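These notes are about the structure you will find just below.
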Amino acid sequence: MKFYRSSSPPRRMATMASDEIIREASLMTPHVQQGAWNEAMQTFSGSRNDRFVVSRRRTGFGDCLWSLAAAWRFAQRTGRTLAIDWRGSCYLDQPFTNAFPVFFEPIQDIAGVPVICDDQINQRSFPGPFFPAWWNKPSIDCVYRPDEQIFRERDELDHLFESQQDSDASTVVCDACLMWRCDQDAEREIFRSIKPRSEIQARIDAVYREHFEPYSMIGIHVRHGNGEDIMGHAPYWADPERALRQVCNAIDKARALPHAKPVRAFLCTDSALVLEKVSSICPEVFTISKRFQAPEAGPLHSAALGADGGFSALIEMYLLARCNTVIRFPPTSAFTRYARLFAPRVIEFDLNDPSRLILIEDTSQELVAL
């Protein structure tokens with residue numbers, strides 16, 4: 001028996017805004033046999049010293065990795081094993097497949113923290129009691145996990161992490177968006193330790209050598225939503241035409257900065273419309289060929305695109321981080337968090353005034369108005 005239940009794919013939702021969790025409905029359906037719950041309380045090795053943190057996410061890679069960093073930091077601090085469970089991923093249409101080994105190389109530990117991250121997660125049973133307490137409920141009561149419960153668990157986990165204390169529970173379940181719930185050193189450790197699968201990395205390296213290395217690259221990420229509920233990102237798109245003008249203004253500002261090599265622009269977006277509009281203004285912009293959803297059909301992190309959608313996302317995410325300057329629109333998107341931490345120069349739009357551009361230089365991490 002697994003300590004929780006395998007699932008049908010969840011509803012696809014937007015990336016979380018900076019200080020608020022995305023609205024995520026977890027339609028996790030129990031998959032347990034009679035009496036298995038009591039068995040789980042005694043399994044794994046039978047030792048009371050078996051203690052775990054399980055990081056469960058089914059959203060975009062930015063959210064997954066940032067939330068994983070928070071779970072890893074807690075596991076490190078409390079001497080627990082970290083389990084990465086990305087079943088039901090929005091990038092796959094197989095609900096029992098752990099998405100982590102589909103997209104990333106196997107890993108046994110992260111900076112001394114033991115890691116479980118493969119499809120053995122389907123055969124693993126984690127010992128109780130569990131935290132948050134909801135996970136101790138009888139399985140029949142766990143058919144549907146409402147939004148309110150997810151918010152409550154996020155807050156409980158947030159309080160636990162901030163307290164710098166441990167939990168008496170043998171297994172701590174992190175099944176909520178935990179962006180902003182760890183320090184940047186933890187995020188950097190995750191990005192340094194976790195590597196895309198070799199075939200994905202080979203594609204990243206090939207594109208970089210041919211299209212990036214000869215230039216000073218300006219990476220542009222435009223998170224549109226393509227018809228989904230983008231929630232915290234919505235203020236940036238209140239006036240779509242104005243939003244696109246702001247993006248193009250940011251590109252002009254980035255071009256005007258000092259550069260060591262000829263400048264080239266690289267655009268990543270989830271909208272074919274944005275690609276068309278930006279390309280018409282900046283015809284020399286470079287993009288990675290990929291499939292888009294139909295207009296207003298929803299985000300690119302969708303099982304409808306299959307694993308190829310995840311491959312494309314990772315290629316863009318890692319190439320953005322290798323750009324000399326990165327433009328984030330909006331800066332609330334977790335997709336560019338990797339680039340925000342590692343790119344030498346970042347241009348963001350002020351959260352309180354999206355018309356105001358802010359330059360972040362790696363040398364000082366100071367914010368300078370452009």
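The values are calculated or read from the model by the stated rules, or taken from the named source; none is laboratory data. Quick caveat: nothing in here was measured; it's all calculated off a predicted structure. No Cβ is skipped: glycine too gets one built from the backbone with ideal geometry, and neighbour counts run over all protein chains shown. Heads up: the accessible areas ignore ligands, DNA and RNA and are worked out on the full protein's heavy atoms, side chains in. Shrake-Rupley method; radii C 1.70, N 1.55, O 1.52, S 1.80 Å.
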Review point. Are any residues in the range 135-160 surrounded by fewer than 19 Cβ atoms within 10 Å (Cβ to Cβ) and either within 17 Å of Ala71 (Cβ to Cβ) or aliphatic (A, V, I, L, M) (or both), and if so, which ones?
Key: Ile140, Val143, Asp155, Glu156, Asp158, His159
Point to revise | Hits in the range 244-280 - residues which are open to solvent by 40 Å² or more (accessible area, probe 1.4 Å) and in contact with a Lys or Arg (Cβ under 9 Å, 6 or more places away or on another chain) | key: Val263
Revision key, fill the gap. When every residue in the range 323-342 that is touching a helix residue (DSSP H, G or I) at 6+ places or on another chain (Cβ under 6 Å) and open to solvent by 20 Å² or more (accessible area, probe 1.4 Å) is compared, the one modelled with the highest pLDDT is Tyr338
Review point. When only residues in the range 60-104 that are among the β-branched types (Val, Ile, Thr) and under 15 Å from Ile116 (Cα atoms) count, which is modelled with the lowest pLDDT?
Key: Thr97
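In the range 130-141, what residues are in contact (Cβ under 8 Å) with a residue 60 or more places away in the chain and over 16 Å from Arg56 (Cα atoms)? Give the derivation first.
Here is the first cut: in the range 130-141, the ones in contact (Cβ under 8 Å) with a residue 60 or more places away in the chain are 130, 135, 138-140.
Across the range 130-141, the qualifying residues are Pro138, Ser139, Ile140.
Only one of Phe131, Phe161 is modelled with pLDDT of 95 or more and more than 21 Å from the chain's Cα centre (by Cα); which? Walk me through it before giving the result.
Numbers: Phe161 fails: more than 21 Å from the chain's Cα centre (by Cα).
After ruling out the rest, the residue left standing is Phe131.
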**Study point:** Pairs where the first residue, in the range 200-217, is under 24 Å from Pro101 (Cβ atoms) and the second is at pLDDT below 95 and open to solvent by 50 Å² or more (accessible area, probe 1.4 Å), C-beta under 7 Å, 6+ apart
**Key:** Ile200/Phe311
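Closer than 30 Å to Ile281 by Cβ and not β-branched (Val, Ile, Thr): does that describe Met179?
When the stated conditions are applied, Met179 does not pass them.
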